[in-house]
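Only one structure is covered here, and it is reproduced in the block below.
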Amino acid sequence: MNTKVVITWVQNNVAITALAVVAIILVALIYMFFTAGKTAADDLHKVEQERLLANTQLMQVRQQYNVDELQKQLDELNSGIATAKAVNKFPESINRDQLELDLANEASRRGVTLVSLSSITQSGTETIGGNTYNKSEINIKVEGLLNNTSLFLTSMEQGDFPTLKFKNVSLAKASEGEKWTTTFTLVVLSQS
């Protein structure tokens, strides 16, 4: 078909041509509305999924940063610190009489003989956790079975002086049977 024939046919069948043009336009419009509707439905679904995800994340963040729960945890930690300070409180000063009495009682109770006890001497200071404490020392010599001596030292560590520690511990076989002579320096920290 040549171009003249087509033009003539279109001129003779204007109504059919107009109808075909309208049909093509209607099909195009229907297609556009359909795809636009599908895109809107897809967008709505996507927004709904994002909203659910955001709600889930918000709940997780609220749970993680629950102010009431965090305050409760802080109060528990502060309570634990206060308890630890009360339990491990450094004494204001060393009560020599009480220390000697404790040493004598524990030696007797554990079956060791308190051979000698030097005077308590101030031997400087010691810094622990940024705080400075007075350091007092006393040289002690005990004699007894090795097991009893071990029990004596352990009971003193767990006694009324929570800041007590031992240094320069030495053991030597005593001249009598199974007994051992133990010498050590007892160090007690107190507040400065």
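Observations, loosely collected:
- Hey, T149 assigned by TED's automatic domain parsing to the domain that holds L117 and free of Cβ contacts under 8 Å to residues at least 60 places away in the same chain or not: yes
- In the stretch 16-56, the residues that are of a type in the set (G, A, S) and modelled with pLDDT of 75 or more: A18, A20, A23, A28, A54
- Residues satisfying the stated conditions in the stretch 110-135, i.e. over 35 Å from the mean Cα position of the chain (by Cα) and among the polar types (S, T, N, Q): T113, S116, S118, S119, T121, Q122, S123
- Residue in the stretch 139-147 that is surrounded by fewer than 18 Cβ atoms within 10 Å (Cβ to Cβ), within 23 Å of D97 (Cα to Cα) and of a type outside the set (S, T, N, Q) present: yes
- Residue in the stretch 66-104 that is modelled with the lowest pLDDT, counting only those that are among the charged types (D, E, K, R) and under 23 Å from G129 (Cβ atoms): K85
- Counting only residues that are β-branched (V, I, T) and either loosely packed, with under 10 Cβ neighbours inside 10 Å or touching a residue at least 24 places away in the same chain (Cβ under 8 Å) (or both), the stretch 6-20 holds 1 of them.
- Taken over the stretch 90-102, the criterion of being touching a residue at least 60 places away in the same chain (Cβ under 8 Å) and either within 21 Å of T154 (Cβ to Cβ) or surrounded by 15 or more Cβ atoms within 10 Å (Cβ to Cβ) (or both) is satisfied by F90, P91, I94, Q98, L99.
- Residue in the stretch 154-164 that is modelled with pLDDT of 90 or more, part of a strand (DSSP E or B) and surrounded by 14 or more Cβ atoms within 10 Å (Cβ to Cβ) present: no
The values are calculated or read from the model by the stated rules, or taken from the named source; none is laboratory data. For clarity, every value in this text was computed on a predicted model and none was experimentally measured. No Cβ is skipped: glycine too gets one built from the backbone with ideal geometry, and neighbour counts run over all protein chains shown.
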